[in-house]
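Here is the structure we will look at, set down as structure tokens.
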Amino acid sequence: MFEQRTLFENDDMQPLASRLRPQTLDEFCGQKHLLGEGKVLRRLIEGDKVGSMIFWGPPGVGKTTLARIIANRTRANFIDFSAVTSGIKEIKQVMEQAEKNRRFGAKTILFVDEIHRFNKAQQDAFLPFVEKGSIILIGATTENPSFEVNGALLSRCKVFVLQALKTEELTELLSRAITDERGFGKQKVEISHELLEIIANFANGDARSALSTLEMAVLNGELTQDGTTKVTQETIEQCTSKKSLLYDKTGEEHYNLISALHKSMRNSDPDAAVYWLARMLEAGEDPLYVARRVTRFASEDIGLADPRALEIAVAAYQACHFIGMPECTVHLTEAVIYMSMAPKSNSLYIAYGMAKKDALTMLAEPVPLVIRNAPTKLMKELDYGKGYQYAHDSEEKLTNMQCLPDSLLGKEYYFPTEEGVEGKIKARLEEIKEWKKNN
């Protein structure tokens, strides 16, 4: 349902994440691109000049917290509204009250959590009241608002993109949780900075997840004779079921594991590749990072030997983006096994490397006039495009027109292999070269 703001109740029985919810912008963790000194969203909040807006970002980055900070600062009536438990009836009740407030010169800010859960009819119910200013709508969503929010409503809202929190930001938040009286400041807790970083890495940018893991670790810590709660790595491993798989995603082990995955796929070893994939994902690695590396592999190590490899890799990335962990593990497994079993060719990688070397040493090499565009009269008078041969006009769809600069005439970069589909491409390239040699 909905309720007028009754915020920040200090209940020791609340979860740590609730107790530590920031009450001011200075306490807020992350989102410096929006809330740093002088940034637009900070100015709007501090000036109590917020308009209709949508906060879009992954879970645990502060969307609801920002709305509650606005609630604390605004002179408007603030209504907290849930898309999960509210329907058309509740929307109409809120709108009627907001319209009455407007007539008496009072503003109403309506915060809708998980706005993407509203269907079109429910979203349409907001539109006329947003248009005439009865309400200022603030929506929060983990889904792309371009797809989940009606276009008419979206056009009247400013979208602010909230980013996953960085490891150092989460580590700072966890350190504060240990000392803050709203957290564990009233009891003696011993936990190293390195273990806080492990928890931060494990949380994958989610502050709520990080605080929940810390809370579980402290509650299961070892109580010493002097009353100190000691949290060890073993405690964290038990709480996360990650054991020795926990690792620093910016450290050496991170690069060792992605190297192992890459080289296992290159060596056409699907069993090893899936094992290293599981090692990374179960250690808390971002599946999108793995998907990006698999996409690179599809062209670097397979290329035109199997052009479908790139399609599979991109599809796996999209699947990871759409549904996340743990469901996307099967999509990455499909991609990794496909890459392992596909024919291999690094001819694209070699071709670009050779061309890059020449491009860097001949940056001023002019484009041949024959393949320059000539959109103006002056360019035509300067022979831009003169002698250009349109390949589609010839029976063979080929011409002997020079496309490389004079100094690189005859230079070759692409040397196709006989592997998979690239064998056919090699035969075609040889036919093209033979034709050009004879014409």
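The values are calculated or read from the model by the stated rules, or taken from the named source; none is laboratory data. What you see is a predicted model, and the numbers here were worked out from it, not measured in a lab. For neighbour counting, all protein chains shown are included, and Cβ atoms are generated from backbone atoms with ideal geometry for every residue, glycine included. Remember, those area values only see protein heavy atoms, side chains included, never the ligands or the DNA or RNA. Shrake-Rupley method; radii C 1.70, N 1.55, O 1.52, S 1.80 Å.
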Could you size up the charge dipole of segment 380-439 around its Cα centre, putting +1 on the beta carbon of Lys and Arg and -1 on that of Asp and Glu, and report it in debye to the nearest 20? 80
Gain in span if fully extended, Gln238 to Asp180, counting 0.36 nm per residue against the direct Cα distance: 18.4 nm
Point-charge dipole on Cβ atoms (K/R +1, D/E -1) for segment 180-241, about Cα centre, debye to 20: 200
Set of lysines near Lys424 by C-alpha distance (under 29 Å), chain-local residues within fewer than 8 positions excluded: Lys263, Lys344, Lys356, Lys357, Lys397, Lys411, Lys433, Lys436, Lys437
Could you give the accessible area per residue of segment 12-168, probe 1.4 Å, as a whole number in Å²? 47
Cα-centred dipole magnitude for the chain, charges only on beta-carbon of K, R (+1) and D, E (-1), debye, nearest 20: 1820
If you stretched the chain out fully between Lys132 and Ile88, how much longer would it get, using 0.36 nm times the residue separation minus the C-alpha to C-alpha distance? 13.9 nm
The farthest towards the positive end of the charge dipole of the chain, of the residues Val367, Gly47, Pro15, given +1 on Cβ of Lys and Arg and -1 on Cβ of Asp and Glu, is Gly47
On the formula 1/(1 + (r/R0)^6), with r taken between the Cβ atoms of Arg292 and Gln225 and R0 of 41 Å, the FRET efficiency rounded to 0.05 is 0.25
Per-residue HN-Hα couplings for segment 387-400 [Karplus 6.51, -1.76, 1.60; θ = phi - 60°; Hz; x = Gly/Pro]: x, 4, 10, 7, 4, 5, 7, 9, 5, 7, 6, 9, 9, 9
For the residue pair Gln318 and Lys120, what label-to-label distance in nm results when each label sits 7 Å from Cα along the Cα-to-beta-carbon direction? 2.2
Counting only residues 5 or more apart in sequence or on a different chain, those whose built amide H sits under 5 Å from that of Ile136 are Thr108, Ile109, Leu110
Local net charge near Met362, Cβ-Cβ under 12 Å (Lys/Arg +1, Asp/Glu -1): 0
In percent, what relative contact order does the chain have, based on Cα pairs under 8 Å that are 6 or more apart in sequence? 11
For segment 166-172, in residue order, the Karplus 3J(HN,Hα) values (coefficients 6.51, -1.76, 1.60; θ = phi - 60°; whole Hz; Gly and Pro = x) are 6, 4, 5, 5, 5, 4, 4
Keeping every protein chain present and rolling a 1.4 Å probe, give me the accessible area per residue for segment 263-401 in Å². 59
Kindly write out, for segment 89-101 in residue order, the coupling ³J(HN,Hα) from the Karplus curve 6.51 cos²θ - 1.76 cosθ + 1.60 (θ = phi - 60°), rounded to whole Hz, with x marking Gly and Pro. 4, 5, 4, 5, 4, 5, 5, 4, 5, 5, 5, 5, 4
Contour minus end-to-end for Asp269 and Glu96, with contour as 0.36 nm per residue of separation and end-to-end as the Cα-Cα distance? 55.8 nm
For a protection proxy built on the mean count of beta-carbon atoms within 10 angstrom, sort 94-104, 387-397, 228-238, 165-175 highest first, please. 165-175, 228-238, 94-104, 387-397
